[in-house]
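Notes follow the structure.
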Amino acid sequence: MIHKGRNKGEKTPEIPTIRPPSEWRSILVRLTRGCKWNRCRFCGIYPHLGVPNFSIRSIDEVKHDIDLLHILRPRGETVFFGDADPLEIGVETFCRIAEYLRSTIPVKRLTCYARVSTLLRIGPEAVKDLSRSGLNRVHLGLESGDEQVLQFHRKGQTPGMVAKVADWLKQAGIEVSFYVLLGLGGQDRWREHIAGTFNLINQTEPDFVRIRRLWLYGDGSGLPGTECPLWKEIRGGSFNPQCPEGTVQELHFLLDGLAELKTFFACDHENNYVRVAGMLKSDRQEMLAEVESFLTLSLLERNAHYTAVGSRI
Ligand code: SF4
């Protein structure tokens, strides 16, 4: 669906609803609104933030925003395309917008979110076209490398699909950034969740692995917006949420299982109870030691820390 809401004289650009923390300095360009898939049980974040429906912006609207952003952010060097899966605008249109951007703003890095299933659908030749148009990093929601966990959460991807598109991206010279969600297997499947995840990361060797912790927002606590869809399964008894200490144990198990890869590993979100970062090749042992050191604190200190760390999207 093409959204026709805004007129061409608009003086402020539309901003993507969500961006990765690592894109905090980037110029943000919105190609699509919301998430077309919108089915992952752990997510529901676009409806929660007031974007319940998916829509595609017109190429003229997006170019108009790029012109405005060029004036507003003359020193911007990196650009992020949103929302959740901007390739849904179509590869040809995406490339035309990327080329227009590059001819307007001298950007050093162009990144976007993408769904694995969308990349699989467009195929390896289209991925090369994306690279030629100037896309040089893609943020993929891996979430888990365990097939059963992915299926339960209706992610719409398998570990095999992830491995295939990660390979295409790397072959095309596009950096791969994976997001992993601690707690996604709950208390009943956390070992499989993490083992599947480190196996897939070891197999694919992405450029970045970024860690998040599952946060069940909107539990009737008075927060505005819709609640996390996973509450339905929790109330029904089919999902048993992980405890705070369990997510730290997951982080330790993950780091322990990862090989010494040329991958930058970062807990770069405030939700993480222990925030380590470094290259797996050179810093993995040090990161493991940091997690172990946290786990040697007294129970009182650990619980105080879990309470003090805020939960946010
Ligand atoms: S996790 Fe990504 S693909 Fe799944 S519903 Fe949320 S935004 Fe959409």
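Values quoted throughout were computed directly from the atomic coordinates according to the rules given, and no laboratory measurement underlies them. Computed from a predicted model, the values in this text were never measured in an experiment. Cβ placement follows ideal geometry from the backbone for every residue including glycine, while neighbour counts extend to all protein chains displayed.
What is the extension gain from Asp256 to Glu270, computed as 0.36 nm multiplied by their sequence separation minus the C-alpha to C-alpha distance, in nm to one decimal?
Length difference between fully extended and current span is 2.8 nm.
Label point 7 Å out from Asn136 along Cα-to-Cβ: which residues of the range 61-78 have amide N under 11 Å?
Output list for this probe position: 78.
Would you work out the Kirkwood radius for the range 218-313? I mean one over the mean of 1/r across all pairs of different Cα atoms, in Å.
Final number for the Kirkwood radius of the range 218-313 is 15.4 Å.
Set the Förster radius R0 to 41 Å, insert the Cβ-Cβ distance between Trp24 and Asp188 as r into 1/(1 + (r/R0)^6), and round the FRET efficiency to 0.05.
After rounding to 0.05, the efficiency reads 0.70.
For every other residue with a beta carbon closer than 14 angstrom to the beta carbon of Asn38, add +1 if it is Lys or Arg and -1 if Asp or Glu, then tell me the sum.
Local net charge: +4.
Given 0.36 nm per residue, what is the gain on full extension from Arg96 to Gln148 after removing their alpha carbon distance, in nm?
This chain segment gains 14.9 nm when fully extended.
For Thr307 and Arg121, calculate 0.36 nm times their separation in residues minus their Cα-Cα distance, and state this gained length in nm to one decimal.
Length difference between fully extended and current span is 62.7 nm.
Based on the Kirkwood radius over alpha-carbon pairs, what is the Stokes-Einstein translational diffusion coefficient of the chain at 37 °C with 0.692 mPa s viscosity, in µm²/s?
161 µm²/s
Under 27 Å from the Cα of Lys170, which lysines turn up, not counting those fewer than eight places away in the same chain?
Filter leaves Lys36, Lys108, Lys128, Lys155, Lys262, Lys281.
Rounding to the nearest 10 and keeping the result within 0 to 90°, find how far the Cα-based axis of helix 116-133 lies from the longest principal axis of the chain.
50 degrees
Out of Leu300, Ser58, Phe81, whose Cα points farthest toward the positive end of the dipole of the range 21-308 (charges: +1 Lys, Arg; -1 Asp, Glu; placed on Cβ)?
After comparing all options, I get Ser58.
What is the dipole size for the chain, taken about its Cα centre, with +1 at each Lys and Arg Cβ and -1 at each Asp and Glu Cβ, in debye to the nearest 20?
Using only the charged Cβ atoms, the result is roughly 1020 debye.
Between Ser282 and Ile71, how many nm apart are label points set 7 Å from Cα along the C-beta direction?
The answer from the label model is 4.5 nm.
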